[in-house]
Amino acid sequence: MNIIVVGLSHHTAPVELRERLAVPESRMGEALTRLVSYSSVKEGMFLSTCNRVEVYAVVSNWEVGLTQVQDFLVSTHFSLTVDELFPHVYRYVDDATIRHLFRVSSSLDSMVLGEPQVLGQVKDAFELTLAHRTSGVILNKFVKKAISVGKAVRTQTRIAEYAVSVSYAGVELAKKIFSSLKDQTVLLVGAGEMGKLAARHLVNSGVKQIMVTTRNTHRALNLAEQFNGTVIPFEDFRSALPKADIVICATGAPYYVISTDDIQAAIRQRMNRPMFLIDISVPRNIDPAGKDVDNAFVFDIDDLKTHVGQNQEERRKEADKAEDLVKDEVDVMLSWIRGLEATPTIVALRQRAEEIKRAEVSKVLSRLEHISPKDQEAIEGLASAIVNKLLHGSLVTLKSEAQSKNGFAFIEAARRFFDLAEPDRTEESTSTIQEFQSLKTDRVGPGESSLPHQGLLENVKSQVNEHES
Amino acid sequence: MAETLIRVTMVLYFIGTMLFLIYLLRRSDFLSKGALAVAGLGFVFHTFANLARTINLGHIPIMTFQEAMSFFAWTLVLVFLGVALKRGLYVLGAFLLPLAFLSLVSARIAPTGTAAFQPVFETVWVHVTLSMLGTVGFAVAFVAGIMYLMQDRMLKSKQFNTLYVKLPPLDFLDSLNQRSILLGFPFLTLGILTGSLSAHMSFGSYMSWNSEQVWALVTWVFYFAVLLGRVTVGWRAKKAAYLTIVGFAAVILTFVGVVLKNQGPVSL
């Protein structure tokens, strides 16, 4: 059993390639189901953000698993070939995978160190995985841990302070086009998280007016209320384009919402007054050719990355601290996973049974000093027979089920039934759940229930714990 | 005395130019104050040079091409120091100071024939002063245009380098461009009118269609069109930047006209 990741990110692949791999939320179920239908893949999660597309999987054999997951990635888009994808893809196994996701959720792998979005995106990906039931004991534990590590890194180091996120780069760029943002009008197209964040920064920098347009009018009204702006009907937002000095485009549309012609017409109507367009969407929503229109300044996410790259150096020190934190957590996670292998569990189970048997036998024998060595042997034999008979069924089931889809759940259950866990482990896993629940509440607001399902055993365990306290 | 002072001025402007150029290309800001101090010191020497010359000549030294260029450079540096101190816009020095330096140099190497032109009419200095003030406006517009195009290029090519950091925002440069022309244009208009008047008083005709006059008229029409084009057909931003650079070429050709006319007075 191995945990692997196959993916590509802003470090390795251009936005053109990343956007082709992005899977819309509506098709995620289908994609995840297809992922776990590969013979080697037991559990799978698809993490797709503006900056990365990654597939995390628990596989029975890492070599086969890597190939299969890569096949899966190639087949997400009809026009992709292995040769095209191969040079941009990174593949990690076991501790490297764990380290990678921990770094991702901690924003250590982000364009902007300490940026807050990625943690939410990991949570979203995890929720989708849970909703489509493609995760199991290992992935659940692993991703929850990653989320709590992400949170810990943000609270225990100062990288979040430096979190001048990608969206803030938009404000800095705007200030190189407009000397004062107080006279500028912003048009927000779409309701993508990053777009909202960029708009929020601009509002905080004091823009004069904000117009909001989304396909869903209700959503637009909500946003307009948040930003104290006005709603533009999505059907004719292009007619409002010339009024906008700054346009933020962040929709989920897989095509160009704003074409070069739209930009050209707007600039003409603006009598050549410069316009600043930020495209935060992947796939892109503004035709990249719009960059060639005079007085139109179109920036996509990669451009923003180049912009924020400048002052990242000074943040490295805090990042080192965060890396140390991640490293410790990787070790903890790794030892937990190792415990889930079938063989060590069986060995531990035998050992435990042997211990109990020996203790009980010697207790009895100490009281029956008068019996002959032959009888002693018989008693020992009896104990051994009972233990072996009792264990035999469980061990056979464990051995066969370990190979099945729910193998790790069985092993985990066995470890708990026979109390094979390390003394501090149960405590820790419960705290992870609670942490995750509190993380989730942070984001969705109070009153929201916890996860749809997060592993029966763990739920029971935490309820028991609550009861006790 | 005046000669020594002007030489010191030139050396200081040159050093200032170099410092500003280094400042422009280095990330740190520490050179800005030093460069500004050198430019300021140069300006002080320049002022004393002008004073010394005024005392020597007994009138304001603005009768000859050399003197006119020196006045131009002096005003340019004055404008720069004003803007730099008021708005902290040091980066302008990297563009205006070299222009001032080059004006002083070009005045020296220009074929002036006899060192000084003959002042035909006493009030000709009014014409020269007004024209040169107009030129200062166009020079600042020209520099704003160059800076605009540079910043435009940086933004378009996504090169967020030191130049990008140091150059001011686009709309500031565009409005600097516009305001400079708006300020320079009335001066040029008055300069041309007074020049024409001086010519009438000296020679009896308002126009003699020499190269200086023709280029001056071309310049006037051009900047008039630029101002009009901004409000009517949107000649702003990048287009305005290009236009002011072209316009300044017309200004320079006017100067060449003055030099070629050579022996005559600056006016005619």
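Throughout, read-outs are computed from the coordinates displayed, never taken from laboratory work. Keep in mind that this is a model prediction, so the values were computed, not measured. All Cβ positions, glycine included, derive from the backbone under ideal geometry; neighbour counts span all protein chains shown.
Before moving on, here are some points about what is shown:
- For segment B:43-82, the Cα-based Rg and Dmax, in that order, read 10.0, 29 Å.
- Square roots of five times the Cα gyration tensor eigenvalues for segment A:91-200, Å: 33, 17, 10
- Put simply, segment B:1-116 fits an ellipsoid with semi-axes of 27, 14, 11 Å; these come from the alpha carbon gyration tensor as the roots of five times its eigenvalues, largest first.
- For residues of A:175-181, the mean tally of beta carbons on other chains within 10 Å: 5
- Low-density loop positions, chymotrypsin sites (Phe, Trp or Tyr not before Pro), segment A:76-174 - DSSP coil, at most 11 other Cβ in 10 Å: A:Phe78
- Counting all C-alpha pairs of segment B:117-268, share separated by more than 24 Å (%): 39 percent
- The C-alpha atoms of segment A:339-381 occupy a region whose extents along the principal axes are 45, 16, 7 Å, arranged from largest to smallest.
- Overall Cα dimensions of segment A:2-162 - principal axes, largest extent first, Å: 42, 35, 29
- Rounded to whole Å, the principal axis extents of the Cα atoms in the protein assembly as shown read 148, 57, 50, largest first.
- Average other protein chain Cβ within 10 Å of Cβ, residues A:286-297: 2
- Space enclosed by the convex hull of the alpha-carbon atoms of segment A:103-160, per residue, Å³: 65 Å³
- Calculated log₁₀ intensity ratio I(q)/I(0) where the Debye formula runs over C-alpha points of segment A:166-309, q = 0.14, 0.15, 0.16 Å⁻¹: -0.55, -0.64, -0.74
- For segment A:183-238, the C-alpha radius of gyration sits at 1.00 times the compact-globule guess of 2.2 N^0.38 Å, with N the residue count.
- Rounded to whole Å, sorted largest first: equivalent-ellipsoid semi-axes of segment A:150-245, Cα gyration tensor: 27, 18, 10
- MRE, 222 nm, helices only [DSSP H, n ≥ 4, -39500 (n - 2.57), over the protein assembly as shown, to nearest 500]: -21500 deg cm²/dmol
- Scaled against 2.2 N^0.38 Å for its residue count N, the alpha carbon radius of gyration of chain B is 1.02.
- DSSP beta bridge pairing in the protein assembly as shown, given as percent antiparallel to the nearest 5: 50 percent
- 16 Å tail of the calculated P(r), segment B:187-267, as % of Cα pairs: 55 percent
- Peptide-level mean, for B:238-247, of C-beta atoms on other protein chains within 10 Å: 1
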